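Heads up, the thing below is written out as structure tokens.
The values are calculated or read from the model by the stated rules, or taken from the named source; none is laboratory data. For clarity, every value in this text was computed on a predicted model and none was experimentally measured. Here the Cβ positions follow ideal geometry from the backbone for every residue, glycine too, while neighbour counts run over all protein chains shown.
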Amino acid sequence: MTIQQLDAIWQDKWEKENFEQEMPIQSKLIPLFLAGHDVVAESPTGTGKTLAFVLPLLQLVDGKKPHIQAVIMVPSQELGMQIIEVLRKWTEGTDITTAQLIGGANITRQVDKLKKKPTIVVGTPGRLNELVKTRKLKMHEVRHLVLDEADQLLSREHRSTVRSIMDAANDKQVVILSATITEEIDLVAERVLNEPHTIHVEASELPAVGKVEHHYLKVDRRDKTELLRRFSHLPNMKGLAFINSLDQLMMKEEKLLFRDAPIAALHGAMKKEDRKRALDDLKKGNITLLITTDVAARGLDIQDVTHVFHVDVPQTIEHYLHRSGRTGRAGKDGTVVTLLEYKDEKFYKKLSKDFPVKPSQVIWGNGRIEVGNSKTAEKGKSKR
């Protein structure tokens, strides 16, 4: 096992976590990371990518040295908070310290944390860049730079900011991770990285993969909110419902809460503490359904999600895969359902050619989601 290449303290923590085996991304990435190589790693969602870079980072940094040695860059506040939680858990009882530098949080407090010289920082591009420009974050001291969910970090929205941050670090090791390797990632790897090693983990390599069923349910637009309300009351429901438009999400949230549905919303316009509360409510079972924009499709480790609902058809296959990847994790089964309007059928048919499995049609009937067809679908409508 590659875990045996780590110091005893990390091996002991690994054993206490009761991990039965390494995931393929961990076995492939950890030795390359420890050897100091630049790496581009591709692995499906929910396959252990976070620990694959966190563990070698913990081995390589020295908590006794009073300066920032590693920066982990993430596209969203939620992913940043999640990685910080993992780091804090694993560094408990050690000299290694961490700081979170994400947008939407108080920058003065973040500057105060930087003055304490944390070992590892986790941040979003905008806030990191702001701190670099004001010389509060000294990138020349950084020796390890990790880009998590790099396909989003290197999209048009963030690309120039991310490149600016990377250029500010001189002698550094760069590790890029994503569920999908894009043309932008390849371009950055070619221009910026030093003879990078490339890792590809296929779904067929993954142990104990849960069975995920992919379905579509033909609906009228006006029926979507009521269907979400009914889904929220299904037995043992722990679901995510993705909506493309923030306006539509907020409208549905208002209507569902008015009808006392056990739901909460998650989107980029919310305050940090409200977003955390929504996630915690789902994890603790206080709600059964979290309606969200794509902010929750990236990297979030919400365990035991039973259903993913595409309330709106995703705009790309990458969006579909990232959203759907929230269920069927760690060997658990899951169900993915797309609410399909007539106007989207042509696009959905084209998109579904690249789905992991061919989706089947279902209907809403007898208070549950049932496998159906075009004839029973019309019959099912009358039962709503």
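It is to be established whether one or more residues within the range 307-321 are surrounded by 18 or more Cβ atoms within 10 Å (Cβ to Cβ), at negative phi, in contact with a Pro (Cβ under 9 Å, 6 or more places away or on another chain) and in contact (Cβ under 8 Å) with a residue 60 or more places away in the chain. Yes, some residue in the range 307-321 is surrounded by 18 or more Cβ atoms within 10 Å (Cβ to Cβ), at negative phi, in contact with a Pro (Cβ under 9 Å, 6 or more places away or on another chain) and in contact (Cβ under 8 Å) with a residue 60 or more places away in the chain. A count restricted to the range 70-94 and to residues that are within 11 Å of the chain's Cα centre (by Cα) and of a type in the set (S, T, N, Q) stands at 3.
Looking across the range 159-171, just one residue is assigned to a loop (DSSP other than H, G, I, E, B) and either assigned by TED's automatic domain parsing to the domain that holds I317 or buried (at least 19 other Cβ atoms within 10 Å of the Cβ) (or both), and that is A169. Comparison of Q69, Q59 shows that the only residue that is out of contact with any Lys or Arg (no Cβ under 9 Å at 6 or more places or on another chain) and in contact (Cβ under 8 Å) with a residue 12 or more places away in the chain is Q59.
Note on the range 105-142: residues that are part of a helix (DSSP H, G or I) and without any contact (Cβ under 8 Å) to a residue 60 or more places away in the chain amount to 19. Evaluation of L256 against the conditions (1) in contact (Cβ under 8 Å) with a residue 40 or more places away in the chain; (2) touching a Ser or Thr at 6+ places or on another chain (Cβ under 8 Å); (3) surrounded by 18 or more Cβ atoms within 10 Å (Cβ to Cβ) shows that the sole unmet condition is (1).
Selection of the range 151-177 for residues being among the aliphatic types (A, V, I, L, M) and free of Cβ contacts under 8 Å to residues at least 40 places away in the same chain yields L154, M166, A168.
Return the only residue of E42, E78 being crowded, with 20+ Cβ neighbours inside 10 Å, in contact with a Leu (Cβ under 6 Å, 6 or more places away or on another chain) and of a type in the set (D, E). E78 is the lone residue from the list that is crowded, with 20+ Cβ neighbours inside 10 Å, in contact with a Leu (Cβ under 6 Å, 6 or more places away or on another chain) and of a type in the set (D, E).
The residue that is surrounded by the fewest Cβ atoms within 10 Å (Cβ to Cβ), among those in the range 83-104 that are in a helix (DSSP H, G or I) and either not assigned by TED's automatic domain parsing to the domain that holds M73 or not polar (S, T, N, Q) (or both), is K89.
For I291, the conditions (1) in contact (Cβ under 8 Å) with a residue 60 or more places away in the chain; (2) out of contact with any helix residue (DSSP H, G or I) (no Cβ under 9 Å at 6 or more places or on another chain) all hold with the exception of (2). Scanning the range 254-280 for residues being at pLDDT 95 or above and either in contact with a His (Cβ under 6 Å, 6 or more places away or on another chain) or part of a helix (DSSP H, G or I) (or both) gives a total of 5.
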